[in-house]
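To start, I am sharing the structure in question, which I have written as structure tokens.
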Amino acid sequence: MRIVFLGPPGAGKGTQAKLICEEYNIPHISPGDILRQAKKNETVLGLKAKSYMDQGLLVPDDIILGIIEERLKQEDCKTGYVLDGFPRTIYQANALEDMLKGLDTDIAYILSLELSEKELVKRLGGRRVCEDCGQEFHIEFKPPKQPDICDNCGGNLIQRSDASACAIEKRFSEYKEKTSPLIEYYNRPGRKFYSISADTGIQEVFASIKRVLEAD
Ligand code: AP5
């Protein structure tokens, strides 16, 4: 099962990708997570990506394509995966098609999460992330048992460095200009493209996705 998740920042791509990967036992591939880990470890990749990410800008295509190409060749991707946050430009989508042709596979489902900008802002503003283990929470929709403490490891919960009002605005404008054209790119005959409302609770959205995946 090879799945691409589309959707604006904060729509719930990461949350749903993790649930799907657990349910179907396939790897979750998120360039955002890979880059945040590289930033934390201060690797060359992380240092290159930092200024783009903190400002809410997309990281250059060549950096992202290198990461994805490497990852898709790994053994655990043979049975499928969820691509969360890739592709994000038409250029990346064309490059993905070429990569998959080379591996003699294709994307099975494209799932596009839809949510109003007002709700997106609420989700992004309330998100908290554990600075030690990376577990995500939301102060209203997925609160930790104790405020600002991770349920998983007891680490401190913080906001992501791209959660400032200015970075969020930039992330939305990058999405509109560079990523939203992918909806038209994928929504064409021969493609299993599904637009899914993300305007309900986490489990309800997950149930809608499962209905789509299990209808075949
Ligand atoms: P990335 O990490 O992919 O960020 P994003 O696309 O901006 O998306 P988010 O992670 O903010 O949101 P999400 O849709 O995953 O929502 P989530 O599940 O977390 O990318 C970060 C940066 O990396 C980019 O800006 C760019 O610089 C770089 N990058 C990454 N990929 C790239 C690429 N391909 N090309 C170039 N650059 C790239 O949910 C958000 C919150 O809402 C959480 O708190 C969650 O608990 C809560 N929530 C989720 N679902 C629900 C629900 N149904 N109801 C209530 N609350 C919910």
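The values are calculated or read from the model by the stated rules, or taken from the named source; none is laboratory data. As the structure is a computational prediction, the values presented were derived from the model and not from experiment. Don't worry about glycine lacking a Cβ; one is built from the backbone with ideal geometry, like all the others, and counts go over all protein chains shown. Just so you know, the surface numbers come from the protein's heavy atoms only, side chains and all, with ligands and any DNA or RNA stripped out. Shrake-Rupley method; radii C 1.70, N 1.55, O 1.52, S 1.80 Å.
If you stretched the chain out fully between residue 177 and residue 114, how much longer would it get, using 0.36 nm times the residue separation minus the C-alpha to C-alpha distance?
Between residue 177 and residue 114, full extension yields an extra 21.0 nm.
If you don't mind, another one. Taking only protein heavy atoms into account and a 1.4 Å probe, give the accessible area per residue of the chain in Å².
On a per-residue basis, the chain sits at 52 Å².
What is the packing order of peptides 86-97, 115-126, 3-14, taking the mean over residues of other C-beta atoms within 10 Å and listing the highest first?
Highest to lowest by the protection proxy: 3-14, 86-97, 115-126.
Also, quick follow-up: Going from the alpha-carbon gyration tensor of the stretch 75-216, what semi-axes, largest first and in whole Å, does one get by taking the root of 5 times each eigenvalue?
In descending order the semi-axes read 30, 19, 17 Å.
Additional query: Report the relative contact order of the stretch 64-216, percent, no decimals, based on alpha-carbon pairs under 8 angstrom and at least 6 residues apart.
27
Please give the peptides 157-165, 199-207 ranked by average Cβ packing (other Cβ atoms within 10 Å per residue), highest first, as a rough proxy for protection.
Per-residue mean Cβ counts within 10 Å order the peptides as 157-165, 199-207.
When N is the residue count of the stretch 1-41, what does its C-alpha Rg come to as a fraction of 2.2 N^0.38 Å?
Taking N as the residue count of the stretch 1-41, the ratio is 1.23.
Also, quick follow-up: Which percent of the accessible heavy-atom area of the chain goes to carbon and sulfur, probe 1.4 angstrom?
Answer for the chain is 50 percent, counting heavy atoms of protein chains only.
When only the heavy atoms of the protein chains count and the probe is 1.4 Å, how do 28, 138 rank by accessible area, highest first?
28, 138
Around residue 195, under 13 Å between beta carbons, what's the net of Lys plus Arg minus Asp minus Glu among the other residues?
-1
Could you tell me the convex hull volume per residue, in Å³, taken over the Cα atoms of the stretch 141-216?
Looking at the stretch 141-216, the number lands at 149 Å³ per residue.
Restricting to Cα atoms and excluding each atom paired with itself, what does the Kirkwood estimate give for the stretch 169-213 in Å?
It is 12.4 Å.
Can you list, largest first and rounded to whole Å, the semi-axes you get for the stretch 1-143 by taking the square root of 5 times each eigenvalue of its Cα gyration tensor?
In descending order, the three semi-axes are 24, 19, 15 Å.
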